[in-house]
1. For LYS151, which aspartates and glutamates qualify as cross-link partners when the Cα separation must be under 20 Å and same-chain residues fewer than eight apart are set aside?
2. Starting from the Cα of ALA31, step 7 Å along the direction of its Cβ; do the same at ILE44; then give the gap between the two resulting points in nm.
3. Using a 1.4 Å probe and counting only protein heavy atoms, arrange HIS163, HIS141 so the residue with the most accessible area comes first.
4. Go through segment 106-162 and name the chymotrypsin sites (Phe, Trp or Tyr not before Pro) that are in a DSSP coil and have 10 or fewer other Cβ atoms within 10 Å of their Cβ.
5. Using DSSP loop states and a limit of at most 11 other Cβ atoms within 10 Å to flag trypsin sites (Lys or Arg not before Pro), what is the longest stretch of the chain containing no flagged site?
6. Contour minus end-to-end for GLU135 and SER121, with contour as 0.36 nm per residue of separation and end-to-end as the Cα-Cα distance?
7. I'd like the FRET efficiency for PHE23 and GLU188, computed as 1/(1 + (r/R0)^6) with the beta carbon distance as r and R0 of 41 Å, rounded to 0.05.
8. In deg cm²/dmol, rounded to 500, what helix-only [θ] at 222 nm does the chain give when every DSSP H run of at least 4 residues adds -39500 (n - 2.57) and the total is split over its residues?
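The values are calculated or read from the model by the stated rules, or taken from the named source; none is laboratory data. Bear in mind the structure is a predicted one, so any value in this text is a computation, not a measurement. Cβ: placed from backbone, ideal geometry, glycine included. Neighbour counts: every protein chain shown. Only protein heavy atoms, including side chains, enter the accessible area calculation; ligands, DNA and RNA are left aside. Shrake-Rupley method; radii C 1.70, N 1.55, O 1.52, S 1.80 Å.
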Amino acid sequence: GSYEVEPIELAGAYATFAGGGTFEMPRLVRAIRGPDEKELELPILPPSMRVLDEAESYLITNMMTSVIDHGTAQRAKSLGRPVAGKTGTSNEAKDTWFAGFSTDVVAVVWIGFDDSKPLGSGETGATTALPAWIEVMKAIHEKRPVTDFPKPTGLVSAQIDAHTGKLAYPDDPDTMDVLFLTGTEPTEISPVMAPDAGTFDPADSAAD
């Protein structure tokens, strides 16, 4: 895309998904001590705000785990734990990104030049930013237990025809399990599709 954003802003947004829909202002300085070793008082941050329902937040997290499972960030499977995230490449490859999180840590990697010079043909978030993100997360999680994202109530899984996005018909050969907010799952059964039909993308459905 063309919209400019700072890594700290993006980390704050992804921390909202990781936090179950609760947004908190980032804190850059955790403590200041004076010459006498007394800790000085820091400005009070605004209280956290709920900006997404837990189920909505989990649904977005679930979509971003698919980026690792079978999307542009499959290299992150090497971490051996549940993670969610998204690659990003700005216009003319002036910026490449990977932003993502586990149940413990949110991390954002940006690669680019200060003068917005393009990185070069073929550079993408998956090829430049993702490898650095993986190394950072690998070091951070070295002694942490493997944990999965807690699934809240208010969600339902449905078996969907991969070509239409409608409910799979009996003996449908090409299906996928897709998560929906309860009450938003499709109710219409797909007609039998030709073998060369296009493939349904649940992320496109959610955007609509």
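1. ASP53, GLU54, GLU56, ASP69, ASP104, ASP177, GLU185
2. It works out to 2.2 nm between the two label points.
3. Values: HIS163 45, HIS141 10 Å².
Ranked list, largest accessible area first: HIS163, HIS141.
4. PHE113
5. 39-142
6. Full extension from GLU135 to SER121 adds 2.6 nm.
7. Values: r = 36 Å, r/R0 = 0.88.
Efficiency at R0 = 41 Å is approximately 0.70.
8. The helix-only estimate for the chain comes to -7000 deg cm²/dmol at 222 nm.
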